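Everything below concerns the one structure shown next.
The values are calculated or read from the model by the stated rules, or taken from the named source; none is laboratory data. Being a predicted model, the structure only gives us computed values, none of them experimental. Cβ sites come from the backbone with ideal geometry, for glycine too, and all protein chains shown count toward neighbours. Accessible surface areas use protein heavy atoms only, side chains included; no ligands, DNA or RNA. Shrake-Rupley method; radii C 1.70, N 1.55, O 1.52, S 1.80 Å.
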Amino acid sequence: MSEMNEGISRRWLMGGAALLAAPAILPRRVWADESVVDLQSPSGNSLRQVSSAYPEKGSMIVHRTRPAWLEPRFEVFDKGVFTPNDQHYVSWHYNTFPTEVDPDKFTLAVRGHVNKTLSLSMKELLAMPRIDLAAVSQCAGNSRLYFEPGVAGAPWANGSMANAMWTGVPLRHVLDMAGIKSGAQVIRFAGMDDPPVDDAPRFMKSLSIDHARDGEVMLAFGMNGEQLPLLNGFPLRLVVPGWVATYWIKALNDIEVLDQPDTNYWTAKGYRFPNVPDHTVVPGQTGYELVSCTKLFPRSFVTNLKEGDKVVAGKATRLRGIAFGGDCGVAKVELSLDGGKSWQGTRLGKDEGKYGFRRWESELTLPGAGQHAVSVRCTNSKGEAQPLKITWNPQGYMRFNVETIRLTAA
């Protein structure tokens, strides 16, 4: 057992309910910082309040209070490849998300098309074999604010993503304990955020049997060496490495093995986008098939400089940033000053795991005074590269095109 795992065990098993009791969510004063940030959306709607009033969270951009939609300032991603727990974004579907949880009373149900129905306590889960794995959690709507023309949905800037070292029990172990019966087709997951009204569909997502049993999908209770924050799914969440965070069910308390396809709304109809090249259409286009958002795509960003920053002309400027390969590792990150006609390589930092962020660095000399566009592109280990064309769909999902910032040399 690693040192980090031992620490988590001590806090959970010896700390007692008082240590782990979750605090109330709704702060008395939401706008605690009394400050505003401009997210520079091309279609307006750029100003957001910033608050430090949410439990276990630092200063966060607030897009919505109920349900909670919180995003860190983008500069947090320049501080390292692992996103601090108090800066991990927050996104819930319903305003019924749990505001407190007693871990001593919590149970995880494993039921359905199984040989043995289970009701597992946290103490039982913590006693099982565990794994550590670095992985990026990214909302399907990350960067929706920069779609042009604008689209409906949660107006995230680029920060509804985070990389953590997750600690938990391999889902395969729990499924093997229950015993999956012959004829099982999918496994469905749900959490403690029940529908707010009777006719609303419970938020649930499904995985194939093989995917659920791949040994990497986990029931996570640890995040960066600490217990999960309440707002990020305490006491247990599903982690599906390489897939969009829609599948990462928070406050997970129900696993159901089905012997038929999952027809619930959020699987059959929700989180779907065009099944066309780069999942990109033009506004007003019709006649295309929709498919579920599943795997992540490669992305990369400059983190130490931002749009409009000034640098010295004719002198080497250090650039650095982060990249991730999606459902596999990062092979290379490149920069371009001519709109993608030519590219130059960068130096990659330590590989903490194929599903996580990877640091990149380079020196770039801007040739003369004036404004220069700097583009950054990631290619993953499957050879998939970010496209130059701007990705767009009316759902505002899965932006992954090459990002460009404009710097002024003087």
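Listed by first and then second residue, the pairs with beta-carbon distance under 9 Å, at least 6 apart or on different chains, first residue in the range 125-154 and under 21 Å from Lys350 (Cα atoms), second outside any strand (DSSP E or B) and acidic (Asp, Glu), are Ile131/Glu216; Leu133/Glu216; Ala134/Glu352; Ala135/Glu216.
Just one of the numbered conditions (1) at pLDDT 95 or above; (2) within 28 Å of Asp38 (Cα to Cα) is not true of Leu364: (1).
If you go through the range 213-224 and keep only what is without any contact (Cβ under 8 Å) to a residue 60 or more places away in the chain and surrounded by 23 or more Cβ atoms within 10 Å (Cβ to Cβ), you end up with Val217, Ala220. Among residues belonging to the range 162-205 that are among the acidic types (Asp, Glu) and either assigned to a strand (DSSP E or B) or over 30 Å from Lys57 (Cβ atoms) (or both), point out the one that is most open to solvent (accessible area, probe 1.4 Å). Only one residue tops the list, namely Asp198. Looking across Gln371, Gln344, one residue alone is without any contact (Cβ under 8 Å) to a residue 24 or more places away in the chain and not charged (D, E, K, R). It is Gln344. Closer than 25 Å to His88 by Cβ and open to solvent by 10 Å² or more (accessible area, probe 1.4 Å): does that describe Lys250? In short, yes. Can you say whether Tyr355 is at pLDDT 95 or above, more than 30 Å from Ala164 (Cβ to Cβ) and either hydroxyl-bearing (Ser, Thr, Tyr) or crowded, with 18+ Cβ neighbours inside 10 Å (or both), as far as the supplied structure shows? Considered against the rule, which asks whether it is at pLDDT 95 or above, more than 30 Å from Ala164 (Cβ to Cβ) and either hydroxyl-bearing (Ser, Thr, Tyr) or crowded, with 18+ Cβ neighbours inside 10 Å (or both), Tyr355 comes out as no.
Residues of the range 72-92 that are of a type outside the set (Val, Ile, Thr) and under 12 Å from Leu231 (Cα atoms): Asn85, Asp86, Gln87, His88, Tyr89, Ser91, Trp92. All conditions but one from (1) farther than 30 Å from Asp38 by Cβ; (2) in contact with a helix residue (DSSP H, G or I) (Cβ under 8 Å, 6 or more places away or on another chain); (3) not hydroxyl-bearing (Ser, Thr, Tyr) apply to Gln344; the one that does not is (2).
Residues checked against (1) closer than 24 Å to Ile322 by Cα; (2) in contact with a Leu (Cβ under 7 Å, 6 or more places away or on another chain); (3) surrounded by fewer than 15 Cβ atoms within 10 Å (Cβ to Cβ):
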position: Met60; (1), (2), (3): yes, yes, no
position: Pro67; (1), (2), (3): no, no, no
position: Leu70; (1), (2), (3): yes, no, no
position: His88; (1), (2), (3): yes, no, no
position: Phe106; (1), (2), (3): no, no, no
position: Met128; (1), (2), (3): no, no, yes
position: Asp132; (1), (2), (3): yes, no, no
position: Cys139; (1), (2), (3): yes, no, no
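Taking the condition touching a strand residue (DSSP E or B) at 6+ places or on another chain (Cβ under 8 Å) and either under 30 Å from Ala109 (Cα atoms) or buried (at least 19 other Cβ atoms within 10 Å of the Cβ) (or both), does Asn264 pass? Yes: the conditions hold for Asn264.
Scanning the range 336-375 for residues that are in contact with a Gly (Cβ under 8 Å, 6 or more places away or on another chain) and not in a loop (DSSP other than H, G, I, E, B) yields Tyr355, Arg358, Arg359, Trp360, Glu361, Ser362, Thr365, Ala373, Ser375.
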